[in-house]
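Each value in this text was obtained by applying a stated rule to the coordinates, not by laboratory testing. None of these values were measured; they are calculated from a predicted model. Heads up, the Cβs are rebuilt from the backbone with ideal geometry, glycines too, and the neighbour counts pull from every protein chain shown.
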Amino acid sequence: MPSARQEAKRFLIPLHLINALLFVTWWFWPWMLTQLVLPWMLPQLVLGLFILFVGAAFFVSYFFRDPERTVPADEKIIVSAADGLVVDVVEMEEPDFHLGRMRRIAVFLSVFDVHVNRSPVAGRIASTIYKPGEFLDVRHPESSTRNECRSWRIETERGAVAVRQIAGLIARRIVAWSAEGDAVARGHRFGMIRFGSRTEVFVPLECSVLVKAGDRVAGASTPIARWPE
C-alpha cells in the first residue's frame, strides 16, 4: 500500500545524492586546489550548500512523518481527517456530491502538521472527484471553491460523509492512496497533501459537532462530531 514513507523517498533520494556529491567535493578540496585553478571562496560555498541540503533532508523526513494514532472506541464518534487548526464550522450545501445541507468542519494544515489524511468514519468509498483549480492560500475565504481539490464520498450505515482535500499556495500535489469501492475503517489512511493544505469534512446536520474554530485536532484520534443515538 502507498505510504508517506514512499512519498518521502521521491524527495529524499535526490537530496541524499546531492549531499553525497557536495560532501565528496568538500572533502577532496585540498587535492583539487593543487590540480586546478579555482576561486578560494568555493570551499565555503560548497560547505554552505551541503549544510542547506542536509537541513532540507531533515525537514522532508519530518514533514512526511506518519505517527500511529488511537481511534476512539465509540463507533458513533466521527474523527478528524487531518491534523491542524479548525478554521471554521459552518452549515452549507455540500458542493461535490449533492448531499444537501451539511455541516462543514474545515481544518488548516501548516507545513509543520502531519499531512496524512485519514477517514473520519468507517464505510465504503462510493465516489471520488478530482477538480483542477487555482492555488490560493488555503486561509483565503474562496480557497474552498477555487483551489485544486479531491473530494471523497464515504457511505456508512448511518449516512454519507464527504471529505475534501484542498491544495494550497505551497501544497500543489494531492496524493490519493484509496479508490472508489474501497472499504475504509475510521482512521484509515486514504491520502495526503504535500506541504501545507486544507481538509474539510462534511457531516449530516443531525450530527453533533464537538469542535469549534480555534481548536487543534489530530487525525484519526480527535472526535469532531458524533452520530445521533
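At a glance:
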{"item": "Among 66-76, 204-214, 109-119, the order from most to least packed when residues are scored by Cβ within 10 Å on average", "result": "109-119, 204-214, 66-76"}
{"item": "Amide proton proximity set for residue 191, modelled H, under 5 Å, gap of 5+", "result": "117, 177"}
